[in-house]
Amino acid sequence: MPLARDVQLAVGLLRKALATRTARRDLHRALEARGSLPTGTFRIAVYFADGAVNMYQMRQWYAPLQELAKTWPVVVISRAIRGADALLKDDALPIAYAPTIAAVEQVLAEQDIRIVLYVNQNTRNFQMFRYGHRWHVFINHGESDKMYMSTNQFKAYDYALVAGEAARARLSRVLWDYDLDRRTFSIGRPQADHYSGDLPYEPDERTVVLYAPTWEGDRPSAHYGSIVTHGETLVKALLATGRHRVIYRPHPRSGVVDAAYGAANARIVAAIAAANAADPAAHHVLDTGPDLGWQLAAADLAIVDISAMVYDRLAVGKPLMITRPVDPEALVDDSGYLSACEWLDATASEAIVAEADRVLGDPDAVGRLEHWVQRYFGDTAPGAATARFEAAIGELMQRWERWNADSAS
């Protein structure tokens with residue numbers, strides 16, 4: 001058995017090495033075909049050190065950044081082969097592939113980068129922090145009450161763009177000696193101004209339920225994923241009614257850490273395929289596409305885990321339920337919206353049809369959400385968040401000008 005495992009590991013490593021070699025070759029060909037980026041053009045860089053698995057963190061920012069680029073040209077500095085390859089294929093923003101520190105420094109020498117934006121807390125962000133005379137700004141890839149949203153790592157950045165008052169209150173409870181008024185800007189959810197994607201079905205009398213779980217997490221305190229504890233049971237029950245349409249949007253990292261989680265995800269995918277084969281009019285949806293927005297707007301009810309999806313849906317102002325983590329070590333901040341949300345316990349998953357009817361039948365459901373929408377996102381009128389995002393960037397550019405002038409005098 002040990003020998004067999006060693007052989008299997010060696011084969012896996014060889015395949016990974018060959019795949020990396022192929023990806024590197026394809027990436028360099030694509031970069032050569034594109035040609036060099038124009039020098040002295042870009043004022044804002046988005047630093048992305050991840051591979052393709054975390055591309056969802058970048059993709060949700062494409063539309064706001066494209067709008068911003070009309071005023072302040074934006075380039076993405078990509079450090080990983082597969083991440084750069086995915087970014088080039090998306091062709092949403094200009095890409096500078098910089099796998100080495102020397103390459104990063106070349107980008108900075110060729111461009112007048114004044115603001116560097118970060119969508120996650122990759123440890124390689126620290127490599128970029130060495131470069132002064134520019135603002136390092138954390139913009140994150142969502143809003144939630146996860147512990148991730150109030151980590152002391154916020155202090156590593158010059159500034160942070162946060163969603164609203166809930167985020168500010170969360171940070172004030174955790175961070176010591178942190179000047180919230182000076183170092184944070186409340187911008188709402190600019191992504192919501194650009195919800196995209198076409199419905200893959202014709203609306204009918206069916207009740208549409210979005211189930212969008214997060215991944216299993218890599219430590220007990222982050223065990224928010226529900227596919228194993230809730231997901232299989234609730235999806236099976238909804239598929240069986242004949243009056244529901246399920247949109248299943250699994251997290252891209254589902255099963256990366258826990259094979260059982262990945263297996264449960266595969267069984268849900270198979271169950272959806274079987275249900276569509278048995279009833280083609282059902283049009284249940286396995287949603288793994290890059291577009292995010294149509295699902296949130298179209299679903300009559302959303303069932304989500306503790307993740308940014310809670311707050312993406314909250315911004316829509318329509319009913320949702322949140323799966324309660326089974327692991328007692330999972331950290332739950334119940335001081336905000338989670339203190340007033342509709343929880344779904346694992347033991348209630350079999351009764352999801354009744355639970356859904358209960359939530360959808362409550363005439364005060366949307367009314368109760370309005371308070372939390374305002375607290376988390378502020379003004380959600382179309383275009384309001386985008387305007388606040390661009391105003392924050394404009395203020396940071398002015399601060400850059402003042403500091404740059406003072407340092408030159």
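Scan the stretch 126-148 residue by residue and report those that are closer than 20 Å to VAL332 by Cβ and without any contact (Cβ under 8 Å) to a residue 24 or more places away in the chain. Once the filter is applied, which keeps residues that are closer than 20 Å to VAL332 by Cβ and without any contact (Cβ under 8 Å) to a residue 24 or more places away in the chain, the stretch 126-148 yields only ASN140.
Among the residues of the stretch 78-91, the ones that are surrounded by 18 or more Cβ atoms within 10 Å (Cβ to Cβ) and not in a helix (DSSP H, G or I) come to 3 in all.
Here's the yes/no breakdown for (1) assigned to a helix (DSSP H, G or I); (2) of a type outside the set (Phe, Trp, Tyr); (3) at pLDDT below 95:
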{"residue": "THR380", "(1), (2), (3)": "no, yes, yes"}
{"residue": "PHE389", "(1), (2), (3)": "yes, no, no"}
{"residue": "GLY394", "(1), (2), (3)": "yes, yes, no"}
{"residue": "MET397", "(1), (2), (3)": "yes, yes, no"}
{"residue": "GLU401", "(1), (2), (3)": "yes, yes, no"}
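Just one of the listed residues (THR151, THR207, THR184) is of a type in the set (Val, Ile, Thr), in contact (Cβ under 8 Å) with a residue 12 or more places away in the chain and within 30 Å of ILE247 (Cα to Cα), namely THR207. Take the residues of the stretch 367-407 that are of a type in the set (Lys, Arg) and surrounded by 13 or more Cβ atoms within 10 Å (Cβ to Cβ): which is farthest from VAL310 (Cα to Cα)? Among them, the one singled out is ARG399.
When the residues of the stretch 60-77 are narrowed to those that are part of a helix (DSSP H, G or I) and touching a helix residue (DSSP H, G or I) at 6+ places or on another chain (Cβ under 7 Å), which ends up farthest from TYR118 (Cα to Cα)? Looking at the filtered set, the residue picked out is GLU67.
Condition check: in the same structural domain as GLU216 (by TED's automatic domain parsing), charged (D, E, K, R), surrounded by fewer than 19 Cβ atoms within 10 Å (Cβ to Cβ) and more than 30 Å from HIS194 (Cα to Cα). Does ASP334 satisfy that? When the stated conditions are applied, ASP334 does not pass them.
Of the candidates ALA275, ALA260, ALA299, the single residue that is in contact (Cβ under 8 Å) with a residue 40 or more places away in the chain and either on the phi > 0 side of the Ramachandran plot or small (Gly, Ala, Ser) (or both) is ALA299. Criterion applied to SER335, SER307, SER339 was being without any contact (Cβ under 8 Å) to a residue 12 or more places away in the chain, among the hydroxyl-bearing types (Ser, Thr, Tyr) and under 29 Å from GLU165 (Cβ atoms), and the one residue passing it is SER339. Do we find that GLY231 is modelled with pLDDT under 95 and touching a Gly at 6+ places or on another chain (Cβ under 9 Å) in this structure? Answer is no for this residue.
Residue by residue through the stretch 58-74, note down the ones that are touching a residue at least 24 places away in the same chain (Cβ under 8 Å) and more than 24 Å from GLU143 (Cα to Cα).
The initial filter retains those residues of the stretch 58-74 that are touching a residue at least 24 places away in the same chain (Cβ under 8 Å), namely 58-69, 71-74.
Listed by number, the residues that qualify are THR71, TRP72, PRO73.
The values are calculated or read from the model by the stated rules, or taken from the named source; none is laboratory data. Only a predicted model underlies this, so the values are computations on that prediction, with no experimental measurement involved. A quick note on method: Cβ atoms are made from the backbone with ideal geometry, for glycine too, and the neighbour counts reach across all protein chains shown.
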